[in-house]
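Input: a single structure, listed below in structure tokens.
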Amino acid sequence: MSETTRTTPQLTVMTVNIHKGFTSFNRKFILPELRDAVRKVGADVVFMQEVLGTHEGHGKKIQDWPEAPHYEFLADSIWPQFAYGQNVVFPKGDHGNAVMSKFPIVHHQNHDVSVPGPEKRGLLHCVLQVPGHAVPLHVICVHRGWPRATASSSSTCCARSATAKCRPRRR
């Protein structure tokens, strides 16, 4: 085992598609249960897809609908740092990807990596300052499409975005 391997702190990550806080086919609102499950994992960094930023209609109809955006509701007091990348805007709100972190997020930027078709996709690039790491940690949250051609195209777009556009701004 190298010296670097022994001294670099381990990092736990989790990824979850929260389906806008609902079960399959939008049968039941389960965001509070999702928050409990994500807390139990206790990951240092959580990547989330299909996160509602806002929705004007659900709060009036659904019991226990949070006033805060879903990423803030999920982050609560466990993940003091979070970033949201809006990918889709619709008449009553928006949704996208989010990253929750126990470490400072020093920079974040969302990139449109949509390919031709009906669904908008985004790449949320965050730069974390992790104690014990000599260099900032770059993390990317992306929700790719299902068809193979779409996934391949979005992967190419993600790679281009990550290497060309996602460099932290110099101050």
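Just so you know, all these numbers are worked out from the coordinates, no wet-lab data involved. These numbers come from a predicted model, not from an experiment. Counting neighbours? That spans all protein chains shown, and the Cβs are built from the backbone with ideal geometry, glycine included.
Summary table
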item: Convex hull volume per residue for the range 33-111, taking Cα atoms only, in Å³; result: 88
item: Neighbourhood net charge (10 Å Cβ-Cβ; Lys/Arg +1, Asp/Glu -1) for residue 76; result: +1
